[in-house]
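Heads up, the thing below is written out as structure tokens.
We did not get these values from a lab; they are worked out from the coordinates using the rules stated. These figures come from a predicted structure and were not determined experimentally. For neighbour counting, all protein chains shown are included, and Cβ atoms are generated from backbone atoms with ideal geometry for every residue, glycine included.
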């Protein structure tokens, strides 16, 4: 097993997929490097929150880059996007920007961006 796995997997969304992205295989140093890229691609953010469980460590890393200013807004972080429901739940209709490491499909919510987007066959 590793970051990318093939087989039959039930996702958090309840969907069945032929591949799984398991970000638990990313090291702390991998996440730090990915956080640098997210910081480079996004505008300044005042606060950051991570979707449990996959976005928590990444959000903790990104916390050091938060300005603490309300006018810079909220950044919501997750590791893998399937439907965006977890991010919407954490957002709770608040104004926010979102970032994920991997999107399993094209993202439909305009407030969320990804570092990498994949599509199932």
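Some points to look at:
- Cα gyration tensor category, rounded, prolate or oblate, for region 1-52 with a/c compared to 1.5: prolate
- Selected from 52, 44, 110 as most flexible by GNM, with the chain as the system and alpha-carbon contacts under 10 Å: 110
- Distance from region 7-33 to region 65-95 (C-alpha centre basis), Å: 20
- With the highest mean first, a sort of the peptides 81-94, 27-40 on other beta-carbon atoms found within 10 angstrom per residue produces 81-94, 27-40.
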